[in-house]
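Data block below; observations after.
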Amino acid sequence: MSKSTSRTRNANAVVTGAGSGIGRAFALELARRGSRVVCSDIDGDRVKETVSMIDRLTSGRAYPVFCDVSVSEDVDELAAQAQDWFGEPTSLMVNNAGVGIGGKPVGEIGIDDWQWALGINLWGMVYGSEKFLPQLREAGRGGLINVASTAAFSAAPGMAAYNVGKAGVLALSETIAAELGGTDLAVTVLCPTFVKTNVAVDGRITADASKLAGTLMRYTGLSPDRVAKGTLNAHDRGQLYVVPQLDAKAIWSAKRHLPRTYTAGLGLLNRILPQTGTPSAVPALTPTVGE
Ligand SMILES: NC(=O)c1ccc[n+]([C@@H]2O[C@H](COP(=O)([O-])OP(=O)(O)OC[C@H]3O[C@@H](n4cnc5c(N)ncnc54)[C@H](O)[C@@H]3O)[C@@H](O)[C@H]2O)c1
């Protein structure tokens with residue numbers, strides 16, 4: 001790794017789910033910052049497209065790897081290929097790959113869908129952390145960015161399988177942050193509400209919930225580029241939490257300070273509003289990334 005004081009510049013970076021949305025934005029921004037980027041995804045065509053976009057940048061250096069993050073051996077292979085291509089340990093791991101699931105209450109979700117969602121959204125991030133931490137420790141400076149969601153603490157009805165996975169990612173990130181205390185490695189956990197990506201159309205979301213999520217995303221969502229840049233800047237500052245939008249901050253604050261009122265209010269909203277199955281029952285306000 002370069003002698004630069006920045007964790008995100010001239011890094012040896014790996015991004016999962018780099019074929020679309022926030023993951024592609026992370027990969028492109030890291031390349032613009034002079035980092036070498038291993039771009040991995042379960043969709044080989046999409047990830048090659050991201051690598052071609054990086055190749056067109058003057059400083060762009062990227063390498064595509066197929067990886068299903070829910071498969072332990074695939075993540076082992078990703079870690080090995082990354083170290084081979086860099087010729088040294090990975091210094092920045094971005095655990096980003098994730099899928100949307102929502103629209104049904106607990107009792108109607110079905111165990112197959114629970115396992116599918118937790119396999120990617122929770123186990124994917126566990127594998128990415130467990131298998132890359134040894135390389136990060138060897139690199140000595142850099143860190144881990146885990147993409148959670150406001151769903152990690154919003155407890156929105158109809159979103160249990162998504163909420164549980166993201167709450168696990170938040171707990172995982174906080175624990176690793178404590179374990180890395182006193183080192184030059186940082187952990188950042190990203191908890192946005194809506195970001196304009198394919199997550200609402202590609203996942204297992206009921207038609208009504210997907211339509212509503214698509215509308216909210218279109219009108220209130222931040223651009224993936226803005227989220228990626230803000231998160232990388234926060235990571236450079238060693239910031240643990242990135243809660244980029246005002247609605248996310250309002251939920252975070254209400255949940256911590258008035259937990260019973262928050263849950264009762266959410267239950268009331270759920271009874272009087274159409275079933276949303278979306279990550280936030282509170283309208284989005286002006287976004288402020290990376291504060
Ligand atoms: N878009 C939002 O509003 C929003 C809000 C909060 C959190 N997030 C989180 O952001 C992350 C990125 O999602 P996005 O919004 O960019 O969605 P996206 O659908 O645009 O991109 C997700 C990428 O992950 C890949 N992927 C899916 N399953 C995979 C697997 N098993 N292994 C490897 N790659 C896989 C997809 O092929 C795709 O390229 C996810 O963890 C998501 O939960 C998104």
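For residues that are more than 13 Å from the ligand (Cβ to nearest atom), assigned to a helix (DSSP H, G or I) and out of contact with any helix residue (DSSP H, G or I) (no Cβ under 7 Å at 6 or more places or on another chain), tally how many sit in the range 77-99.
Step one: filter the range 77-99 for residues more than 13 Å from the ligand (Cβ to nearest atom), giving 79-93.
Keeping just the survivors that are assigned to a helix (DSSP H, G or I) gives 79-86.
From what's left, out of contact with any helix residue (DSSP H, G or I) (no Cβ under 7 Å at 6 or more places or on another chain): 80-82, 84-86.
So the count comes out to 6.
When Ser20, Ser40 are screened for being closer than 17 Å to Asp225 by Cα and modelled with pLDDT of 95 or more, only Ser20 passes.
Of the set (1) within 14 Å of the ligand (Cβ to nearest atom); (2) part of a helix (DSSP H, G or I), all apply to Ala171 but (1). What tally of residues in the range 208-240 results from selecting those that are away from the ligand (no atom under 14 Å from the Cβ) and under 18 Å from the mean Cα position of the chain (by Cα)? Summing the residues that are away from the ligand (no atom under 14 Å from the Cβ) and under 18 Å from the mean Cα position of the chain (by Cα) in the range 208-240 gives 9. How many residues, within the range 174-200, are assigned to a helix (DSSP H, G or I) and either over 20 Å from Gly119 (Cβ atoms) or within 14 Å of the chain's Cα centre (by Cα) (or both)? Summing the residues that are assigned to a helix (DSSP H, G or I) and either over 20 Å from Gly119 (Cβ atoms) or within 14 Å of the chain's Cα centre (by Cα) (or both) in the range 174-200 gives 7.
Restricting the search to strands (runs of 3 or more DSSP E) fully inside the range 8-76 and requiring at least 1 residues that are more than 10 Å from the ligand (Cβ to nearest atom) and surrounded by fewer than 20 Cβ atoms within 10 Å (Cβ to Cβ) gives 61-66. Looking across the range 127-168, the residues that are at pLDDT 95 or above and in a strand (DSSP E or B) come down to Gly142, Gly143, Leu144, Ile145, Asn146, Val147.
The values are calculated or read from the model by the stated rules, or taken from the named source; none is laboratory data. Quick caveat, the model's predicted, so the values are computed rather than measured. With ideal geometry, Cβ positions are generated from the backbone for all residues, glycine too; neighbour counts draw on all protein chains shown.
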